[in-house]
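Every read-out reported here was derived from the displayed coordinates using simple, explicitly stated rules and does not represent laboratory data. Please read all numbers here as calculations on a predicted model, not as lab measurements. FYI the Cβ positions are ideal-geometry reconstructions off the backbone, even for glycines, and counts take in every protein chain you see.
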Amino acid sequence: MLTRFKIGMLVKCKKCDDLDYPFIGKVMNILRTKLVIEILQVNYRERYKAALIQYNTVVEAKNCIPIRLLRVNINKENYK
């Protein structure tokens, strides 16, 4: 299960002991069954909680989903 996660990967975390709402973060370290996550985007109601834990938390790997980003290059010549 942890093989699908790599350091630096973006993930969406559904549930965490420190926060109540889902958030987006970056994998900083991989432990045995948990991931150390740097919080990048958090619900506005939990800004204070995220600041208290210095935007770092530990989350069970089963509560995280990898995010895949697509980059689209638009050629401006086609849109004249």
>> Along the Cα→Cβ direction, 7 angstrom out, place labels at R68 and M28. What is the inter-label distance in nm?
In response: 2.8 nm
> Of N29, L69, M9, which is farthest along the charge dipole of the chain in the positive direction, counting Lys and Arg as +1 and Asp and Glu as -1 at C-beta?
Replying inline: L69
> Pick from Y44, Y21, Y55: which residue has the top mean-square fluctuation in a GNM of the chain where Cα pairs under 10 Å get a spring?
Replying inline: Y44
> Which whole-number percent is the relative contact order of the chain (Cα, under 8 Å, 6+ apart)?
Replying inline: 32 percent
> Given the convex hull over the Cα atoms of the chain, what projected area results after averaging over all orientations, in nm²?
Replying inline: 7.1 nm²
> What number of lysine-lysine pairs in the chain show an alpha-carbon separation below 12 angstrom, given a sequence spacing of 8 or more or placement on distinct chains?
Replying inline: 6
> To the nearest 0.05, what FRET efficiency results for D18 and Q41 with a Förster distance of 22 Å applied to their C-beta separation?
Replying inline: 0.90
>> At 222 nm, what value in deg cm²/dmol follows for the chain if DSSP H runs of at least 4 each add -39500 (n - 2.57) and the sum is divided by all its residues, to the nearest 500?
In response: -1500 deg cm²/dmol
